[in-house]
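Let me begin by presenting the structure, written as structure tokens, before commenting on it.
The values are calculated or read from the model by the stated rules, or taken from the named source; none is laboratory data. Just so it is clear, the structure is predicted and the values come from calculations on it, not from any experiment. So basically every Cβ, Gly included, is an ideal-geometry build from the backbone, and we count neighbours across all protein chains shown. Areas reflect the complete protein model, heavy atoms only, side chains present, ligands, DNA and RNA absent. Shrake-Rupley method; radii C 1.70, N 1.55, O 1.52, S 1.80 Å.
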Amino acid sequence: MAEKIVAVKGMNDILPPESARWEWFEDTVRALMRRYAYLNVRTPIVEHTPLFVRGLGEVTDIVEKEMYSFEDSMNGDQLSLRPEGTAGVVRAIVEHSALYEGGKRLFYIGPMFRHEKPQRGRYRQFHQVGVEALGFGGPDVDAEVILMCRALWKDLGLGEVRLDINSLGQPEERKAHRAALIAHFEQHAELLDEDARRRLHSNPLRILDTKNPNMQAMVEAAPQLIDYLGEASLKHFDALKAILDAAGQPYRVNPRLVRGMDYYNLTVFEWVTDKLGAQGTICGGGRYDGLVELIGGKPAPGIGWGMGIERVLDLVQQLGVAPPAPVPDAYAVVPDAAALPQAVRVVEALRGAGVSVQLHAGGGSMKSQFKKADASQARYALIFGGDELARGEVAVKPLRDAAAAQCTRTIADPASWASELLPA
Ligand code: ATP
Ligand code: MG
């Protein structure tokens, strides 16, 4: 046998029955997006590297060490697999002048790529659902995108997920805070780890995000951005909180919530669960009013979030939520291959009428075909036996309901009884 070729480390296959959970999740998301009037957008997996360098920021974790970047061997272009969805969506909207007629509410579902150390909830190819609301500057839309997550948790049966919010203010406000922050860290230089020392002057805000236990106390005592916010920023934050309060959505103001990308301003938020160990953030997002301009568009505000599907589905499993497993309505048993042309005609007609039918393939005894029918979990077996067919009929045998009796139906007009096979 030839040597096996295996999947790339950190990139997973999603096979049945696990894939059923994914389809159920995606169906639930699409129904949610319809209710909130968000429209689907699909952008390429590969983008020019400078889009992410400029969009996410040069000194972010993603750009510094997590991107799959390569040179296009045909023309030398610097390309990257997308590590997140926002930059590509904003690029597409700018490129197609799509904000010309007003704001856009968009969502995407798809794979993202980051070169991280694979572990539970952290993969190199992972999948996100995300929304981007572009062209709206008010806290009403901040609340909208946050509350649609709550609605999704409910639709998925997830119960309580904790909401953390913070305000990053505006760039000028962050500048004043940044100076105070650097001064504080310099006073405690002996406590800074290598990562923090490297970021001290490039991205000190990110030091607040450290997971190093030795730095926690020092970071807790650092000057808080909220104390540097001006009136307009505070007003925006208060308005958001008022809407969340009125909607009955609890939240915690977390002054250390800074998020990984440079593009955020004003509102940032994360949905966190304690049921997934270290990788407990299942969704994160915020406002990015400077990004459209940074990508070359006419200035326009924006807000969005990205949700890790693997983490959400891990939580679904932790909580024992069981999505409906897809099973065929009927399994077609064909004891004699000579009956196949008739059987296929009938099965096609039933499928055309909306019935899900699995046709037995590969022949075999009646007994072995019935074993397969049972394993398929179909509610009915359709038996295309020679005697029945000679009478112009097919036998319909209930497989899940012991009390129900077997009957026969005409093969001349399958559509006339197809609905009998559908779930009640
Ligand atoms: P973390 O702090 O866990 O690395 P992040 O801040 O890098 O997360 P975002 O860039 O905000 O994450 O992405 C949004 C969501 O996508 C995260 O909240 C998480 O649910 C998910 N996510 C991010 N990176 C990964 C990954 N490598 N594997 C699986 N899911 C991920
Ligand atoms: Mg990360």
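Within the stretch 63-85, if we keep just the residues that are open to solvent by less than 10 Å² (accessible area, probe 1.4 Å) and not in a strand (DSSP E or B), the residue that is nearest to ligand 1 (Cβ to nearest atom) turns out to be E84. Select from the stretch 121-141 the residues that are within 16 Å of ligand 1 (Cβ to nearest atom) and of a type in the set (A, V, I, L, M, F, W, C) and write down the one among them that is nearest to the chain's Cα centre (by Cα). Only one residue tops the list, namely V129. Picking from residues in the stretch 294-311 that are within 20 Å of the chain's Cα centre (by Cα) and more than 16 Å from ligand 2 (Cβ to nearest atom), the one that is farthest from I109 (Cα to Cα) is G302. Taking the condition of being within 23 Å of K65 (Cβ to Cβ), open to solvent by 30 Å² or more (accessible area, probe 1.4 Å) and not in a helix (DSSP H, G or I), how many residues in the stretch 171-195 meet it? Residues flagged as within 23 Å of K65 (Cβ to Cβ), open to solvent by 30 Å² or more (accessible area, probe 1.4 Å) and not in a helix (DSSP H, G or I) within the stretch 171-195 amount to 1. What are the residues in the stretch 146-170 that are on the phi > 0 side of the Ramachandran plot and either part of a helix (DSSP H, G or I) or surrounded by fewer than 13 Cβ atoms within 10 Å (Cβ to Cβ) (or both), if any? If the condition is that a residue be on the phi > 0 side of the Ramachandran plot and either part of a helix (DSSP H, G or I) or surrounded by fewer than 13 Cβ atoms within 10 Å (Cβ to Cβ) (or both), then G159 is the only one that fits. If the condition is being more than 13 Å from V334 (Cα to Cα) and exposed (fewer than 13 other Cβ atoms within 10 Å of the Cβ), then the stretch 385-406 contributes A390, R391, G392, R400, D401, A402, A403, A405, Q406.
When G277 is tested against (1) within 16 Å of ligand 2 (Cβ to nearest atom); (2) out of contact with any helix residue (DSSP H, G or I) (no Cβ under 8 Å at 6 or more places or on another chain); (3) under 27 Å from V253 (Cβ atoms); (4) not in a loop (DSSP other than H, G, I, E, B), just one condition goes unmet, and that condition is (4). Exactly one residue out of V53, V89 is open to solvent by 20 Å² or more (accessible area, probe 1.4 Å) and in the same structural domain as E293 (by TED's automatic domain parsing), and it is V53.
Can you work out which of the residues in the stretch 365-379 that are open to solvent by 50 Å² or more (accessible area, probe 1.4 Å) and touching a residue at least 40 places away in the same chain (Cβ under 8 Å) is nearest to A418 (Cα to Cα)? Step by step, filter the stretch 365-379, then rank; the result is R379.
Looking across the stretch 233-269, the residues that are assigned to a helix (DSSP H, G or I), touching a residue at least 12 places away in the same chain (Cβ under 8 Å) and open to solvent by 60 Å² or more (accessible area, probe 1.4 Å) come down to L234, I243. One residue stands out in the stretch 196-218 among those that are more than 16 Å from ligand 2 (Cβ to nearest atom), surrounded by 18 or more Cβ atoms within 10 Å (Cβ to Cβ) and not small (G, A, S): the one that is nearest to Y263 (Cα to Cα), namely P204.
Filtering the stretch 354-364 to residues that are surrounded by 13 or more Cβ atoms within 10 Å (Cβ to Cβ) and more than 33 Å from the chain's Cα centre (by Cα) leaves L359, H360, G364. Consider L382 carefully, then state whether it is of a type outside the set (S, T, Y), buried (at least 20 other Cβ atoms within 10 Å of the Cβ) and either in a loop (DSSP other than H, G, I, E, B) or in the same structural domain as A151 (by TED's automatic domain parsing) (or both). When the stated conditions are applied, L382 does not pass them.
Beta carbons closer than 8 Å, at least 6 apart along the sequence or on distinct chains, pair a first residue in the stretch 317-337 that is assigned to a strand (DSSP E or B) with a second that is among the charged types (D, E, K, R) for A330/R379; Y331/K372.
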